[in-house]
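For reference, the structure discussed in these notes is given below.
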Amino acid sequence: MSSRTGSPDIVKLSGVEPTQTIWINRVPEFKAVKNRIRLDVHVAMTELPGATPVSAPGEFGWRVMADPDGGEFCAFVRREVGPYRMYELVVDALDAKTLASWWAQVLGGATEVSEEGWHAIEGASGVPFESIVFAPVPEGKTGKNRVHWDVEVDFVGAVAELESLGARVLRRPDSDVEWTVMADPEGNEFCVFVTV
């Protein structure tokens, strides 16, 4: 289900559970490089309205696609697709193992799995994906990510705790935002919402 918010530049996509929410925000910057963070989705077919194929059919066990804004995502064709189509969140990383371990510690309750150099965390509490996958890449982050995730915490000292684990504060709450913008050890932005 999608709905407009009070702003014409923000769309909210809601799943069945409150954690299954994706916000799409218009940004002034054009896409300049490959997204380091992208979604994997379940689909019934790879012909998706408005999406452009990036990979050739059969090149992978999935189809790399681009949304109308050029953002990459991977479409996994399934025989049956339920109402909730989000599958995985994929994060490019210089050190995939270390970043997966860091996020497993931050999110808690997650199981780390590895396969052919790729590392993932599964079963983290409140995560709306089957897994968060960390894909090894040779290049570092060069600009602001166009995709990021939000973390809800239930205690005031959480931001300081995240800093002690290696996160950096990029922006503290102010008159414009009620949340803290942070970056993980490889510079990937995420927002922290304190819900006390």
In whole Hz, with x marking every Gly and Pro, tabulate ³J(HN,Hα) for the range 64-72 from phi via Karplus 6.51 cos²θ - 1.76 cosθ + 1.60, θ = phi - 60°.
6, 10, 10, 6, x, 8, x, x, 6
Between the alpha-carbon centers of the range 95-172 and the range 4-75, tell me the distance in whole angstrom.
20
Assuming 0.36 nm per residue, please report the length gained on full extension of the stretch GLU29 to SER7 beyond their Cα-Cα distance.
6.1 nm
Under the Karplus relation with 6.51, -1.76 and 1.60 and θ = phi - 60°, whole-Hz ³J(HN,Hα) for the range 122-134, x at Gly and Pro, equal 10, x, 5, 4, x, 7, x, 10, 4, 7, 10, 9, 10
Mind checking Rg over Rh on the range 1-136, alpha carbons, Kirkwood formula for Rh?
0.96
Could you report the accessible area of LEU107 in Å², rounded to 10, computed with a 1.4 Å probe on the protein chains as they sit in the structure?
40
Long-range lysine pairs (8 or more apart or interchain), the chain, Cα under 17 Å:
5
First check a/c for the range 122-185, with a ≥ b ≥ c the square roots of the eigenvalues of its C-alpha gyration tensor; if it is under 1.5, answer rounded, and if not, answer prolate when a/b is larger than b/c or oblate otherwise.
oblate
Could you tell me what percent of the DSSP beta bridges with both partners in the chain are antiparallel, to the nearest 5?
70
Order PHE190, PHE73, most accessible first, counting only protein heavy atoms with a 1.4 angstrom probe.
PHE73, PHE190
Considering only protein heavy atoms and a 1.4 Å probe, what is the carbon-and-sulfur percentage of the accessible area of the range 56-196?
51
For MET45, solvent-accessible area (1.4 Å; no DNA, RNA or ligand), Å²
110
Unit charges on C-beta of K, R, D, E only; dipole of the chain, Debye:
500
Taking only Cα atoms, what is the 0 to 90° angle, nearest 10, from helix 96-107's long axis to the longest principal axis of the chain?
60
Picking from LEU162, TYR87, THR46, whose Cα lies most toward the positive end of the charge dipole for the chain (charges on Cβ: Lys, Arg +1; Asp, Glu -1)?
THR46
Work out from phi, with θ = phi - 60° and the Karplus expression 6.51 cos²θ - 1.76 cosθ + 1.60, the ³J(HN,Hα) of each residue of the range 81-88, listed in order in whole Hz, and give x for Gly and Pro.
10, x, x, 9, 9, 5, 10, 9
Kindly identify the range 1-78 as rounded, prolate or oblate by the Cα gyration tensor criterion: order the square roots of the eigenvalues as a ≥ b ≥ c, call it rounded if a/c is under 1.5, otherwise compare a/b with b/c, prolate if a/b is larger, else oblate.
oblate
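The values are calculated or read from the model by the stated rules, or taken from the named source; none is laboratory data. If you're wondering where the values come from, they're calculated on a predicted model, not measured in any experiment. When we count neighbours, we look across all protein chains shown, and the Cβ atoms used for this are built from the backbone with ideal geometry, even at glycine. For the accessible areas, the whole protein counts, side chains as well, though only heavy atoms, and no ligand, DNA or RNA atoms are used. Shrake-Rupley method; radii C 1.70, N 1.55, O 1.52, S 1.80 Å.
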